[in-house]
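Q: The structure that follows is given in the form of structure tokens.
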Amino acid sequence: MSEQGDEELERDEEAWTPGGSPLDRAAFNADGLLPAVIQQWNTGELLMLGWMDREAMRRTLTEGRVTFWSRSRQEYWRKGDTSGHVQYVRSAALDCDADTLLVQVEQVGAACHTGTRTCFDGDPLEVVQGFPPAD
Ligand SMILES: [Zn+2]
């Protein structure tokens, strides 16, 4: 890693200090996992949802790349290592009760393993739409 990269990591750790480490504040479920919503940083596209344990979250917050915990394979899975569809981290936030993580990324290519841009492109459902009452 470059010296510049090390300096950026130090700045990040200082920024965490006031509220404590986000790894300590995150409310992992009974399986030690947290759902992570992945969003394209500049368009707002909702790309996918994956799961992170504490270590996957730590890697995601400190390495500039999104890492998930694969529940099916029981191993860490850094997005893009095999597919080339890398997710570069731009920002992250815990939700109001710290049990869901939002990660905004620069997505390379398709986010979904089926080859679509997002995991939500392929199966739109029919719904009854609601609207606020007219004045
Ligand atoms: Zn998908």
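Q: Can you sort V103, V86, V128 by how many other beta carbons sit within 10 Å, fewest first? Intermediate values should be presented prior to the final figure.
A: Working: V103 22, V86 17, V128 4.
Starting with the residue having the fewest Cβ neighbours, the order is V128, V86, V103.
Q: Taking R0 as 22 Å, what FRET efficiency do you get between R58 and A98 from their Cβ-Cβ distance, rounded to the nearest 0.05?
A: 0.90
Q: Counting Lys and Arg as +1 and Asp and Glu as -1, what is the net charge of the other residues whose Cβ lies under 12 Å from the Cβ of Q104? Intermediate values should be presented prior to the final figure.
A: Values: positive: R90; negative: E45, E106.
Once positives and negatives cancel, what remains is -1.
Q: Note down the nm distance, to one decimal, between modelled labels 7 Å out along Cα→Cβ at Y88 and at Q129.
A: 3.7
Q: Okay, next question. If you average 1/r across every pair of different Cα atoms in segment 72-135 and take the reciprocal, what Kirkwood value do you get, in Å?
A: On the way: mean 1/r = 0.0665 Å⁻¹.
Value: 15.0 Å, from the Cα pair sum.
Read-outs: derived from the displayed coordinates by stated rules, not from any lab. What you see is a predicted model; the values in this text were computed from it and never measured. A quick note on method: Cβ atoms are made from the backbone with ideal geometry, for glycine too, and the neighbour counts reach across all protein chains shown.
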